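Undergrad: Structure in structure tokens, see below.
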Amino acid sequence: MDLLSWEQLSEHIQAQFPVLVPMGGTRGAAIGCEPSAHRLFLRLPAEASDVPPASPYADLHIEPRNDDGKPVMEIFTTSPHLFKEFHRFAELLTDEYEHSGLSAVAAFTAVVERWRELALRRDLLSPDEQLGLGGELAVLAALVRHHGAAAVSAWTGRMTAATPERHDFRVGAVDLEVKSTRSARRQHLIHGLRQLEPSAGHQLFLISIRFEAAGFANGVTLGTRVASIRTLLSSNRNAIKQFDEKLATARYRDDDETQYRDRTILAETPTLIPVNDSCPRLVASTIQHAVGPALASRIGQDITYRVDVEGLGESLDTSLEARSIGLISVE
């Protein structure tokens, strides 16, 4: 199907006279220009009962009109700097209208939806999310090296997107919460009153990891960590499948790997900190003790606060507890 080209249309626009010319096809699509109103429009035959949808774009409008007594759906823009782009949109819309057999409204909706999908910004991990996931992957790699592929199941914090309250890892009766930072001190954000609350019958530890920039041609990226774990799991297809499912809950996609170029190294050996009365934390009992049960029941669980754990706990290199868990060579 031959459609009116941009070169042909631009000649009409430059003439500075109102014009309405066939866009192409057999269903009566026409494109026109009103120079005095800085208006470029596409008209598609419609039914009188057709109700135009709301346009999701500020510079693209749609409304019902009459053309010599016949109902039409008019899509237009009043932004001259977008006239060429509007013509491209008109080509797509005319082609959809011509070949799909859809109504003017349905064709517009279909083409706009495809444009929206194309223009959607990637749902990338924020720098803090990248750092947090990198810390979890460093711990997972250490556990897999020590326990084998079965250790993937220990990554409980990524079991499903609906369980954000879980601690990051569970090894036997030990829960691990991994916190990563790039600050000079071991200061970490805690999300909610349950994040530093041990599960029933379990002992909870905080793993504090300090990263720093690796510099040129050194360190590891998020993608490197993912690839390394897949290599460790290469002989176990079920473990790889489980690992990939958990990456998906973390919103990590292989297609986005090139977006995560930051290379990091450990600033120092991570530390293992028992989460007990010597660890700074807010839990439900803290709030109840401070304001009483009645007022505490009116305070939400979604509290975010920062803790400083500098000097607390033991280095993973020397901690017997870390060795028994399998936290050897977190890197």
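The values are calculated or read from the model by the stated rules, or taken from the named source; none is laboratory data. None of these values were measured; they are calculated from a predicted model. FYI the Cβ positions are ideal-geometry reconstructions off the backbone, even for glycines, and counts take in every protein chain you see.
Undergrad: Just one of (1) within 30 Å of Ile13 (Cα to Cα); (2) surrounded by 16 or more Cβ atoms within 10 Å (Cβ to Cβ); (3) touching a His at 6+ places or on another chain (Cβ under 8 Å) trips up Thr156, so point out which.
TA: Just one mismatch for Thr156, condition (1).
Undergrad: Tally up the residues in the range 1-55 that are small (Gly, Ala, Ser), in a loop (DSSP other than H, G, I, E, B) and surrounded by 13 or more Cβ atoms within 10 Å (Cβ to Cβ), please.
TA: The number of residues fulfilling the criteria is 5.
Undergrad: Now for a separate question. Which residues, taken from the range 195-227, are surrounded by fewer than 17 Cβ atoms within 10 Å (Cβ to Cβ) and part of a helix (DSSP H, G or I)?
TA: Gly223, Thr224, Ala227
Undergrad: Yes or no: the range 223-243 includes at least one residue that is of a type in the set (A, V, I, L, M), over 18 Å from Trp155 (Cβ atoms) and at pLDDT 90 or above.
TA: No.
Undergrad: Please specify each residue of the range 56-89 satisfying the condition of being among the β-branched types (Val, Ile, Thr) and either closer than 16 Å to Val111 by Cα or in a strand (DSSP E or B) (or both).
TA: Of everything in the range 56-89, those that are among the β-branched types (Val, Ile, Thr) and either closer than 16 Å to Val111 by Cα or in a strand (DSSP E or B) (or both) turn out to be Ile62, Val72, Ile75, Thr77.
Undergrad: Which residue pairs have Cβ atoms under 6 Å apart, sit 6 or more places apart or on different chains, and have a first residue in the range 32-46 that is closer than 15 Å to Glu11 by Cα and a second that is assigned to a strand (DSSP E or B) and among the aliphatic types (A, V, I, L, M)?
TA: Correct list of pairs: Gly32/Val19; Gly32/Leu20; Cys33/Val19; Cys33/Leu40.
Undergrad: Take the conditions closer than 24 Å to Ile190 by Cβ and either under 25 Å from the mean Cα position of the chain (by Cα) or not hydroxyl-bearing (Ser, Thr, Tyr) (or both) and apply them to Ala267. Does it pass?
TA: Judged against the criteria, Ala267 is a match.
Undergrad: In addition: Hey, could you check the range 281-299 for residues that are surrounded by 13 or more Cβ atoms within 10 Å (Cβ to Cβ) and within 15 Å of Glu197 (Cα to Cα) and say which is farthest from the chain's Cα centre (by Cα)?
TA: Gln288
Undergrad: Checking the structure you have, find out if any residue of the range 279-290 is among the aliphatic types (A, V, I, L, M) and assigned to a strand (DSSP E or B).
TA: No: the range 279-290 contains no residue that is among the aliphatic types (A, V, I, L, M) and assigned to a strand (DSSP E or B).
Undergrad: Please work out which residue is farthest from Arg230 (Cα to Cα), limiting yourself to the range 254-285 and to residues that are acidic (Asp, Glu) and touching a Leu at 6+ places or on another chain (Cβ under 9 Å).
TA: Asp262
Undergrad: Given the residues Pro56, Pro45, which is the only one that is at pLDDT below 90 and touching a Lys or Arg at 6+ places or on another chain (Cβ under 7 Å)?
TA: Unique residue meeting the criteria: Pro56.
Undergrad: Ok, one more. For the range 291-319, what are the residues that are part of a helix (DSSP H, G or I) and more than 20 Å from Ile190 (Cα to Cα)?
TA: Those that are part of a helix (DSSP H, G or I) and more than 20 Å from Ile190 (Cα to Cα): Val291, Pro293, Ala294, Leu295.
Undergrad: Quick check on Ile265: is it farther than 24 Å from Arg166 by Cβ, touching a Gly at 6+ places or on another chain (Cβ under 9 Å) and assigned to a strand (DSSP E or B)?
TA: For Ile265, the condition - farther than 24 Å from Arg166 by Cβ, touching a Gly at 6+ places or on another chain (Cβ under 9 Å) and assigned to a strand (DSSP E or B) - is met.
Undergrad: Residue by residue through the range 56-113, note down the ones that are exposed (fewer than 15 other Cβ atoms within 10 Å of the Cβ), touching a Leu at 6+ places or on another chain (Cβ under 6 Å) and either over 24 Å from Ser36 (Cβ atoms) or in contact (Cβ under 8 Å) with a residue 60 or more places away in the chain (or both).
TA: none
Undergrad: For the range 246-281, which positions are touching a Phe, Trp or Tyr at 6+ places or on another chain (Cβ under 6 Å) and farther than 22 Å from Leu316 by Cβ?
TA: The answer is Lys246, and nothing else.
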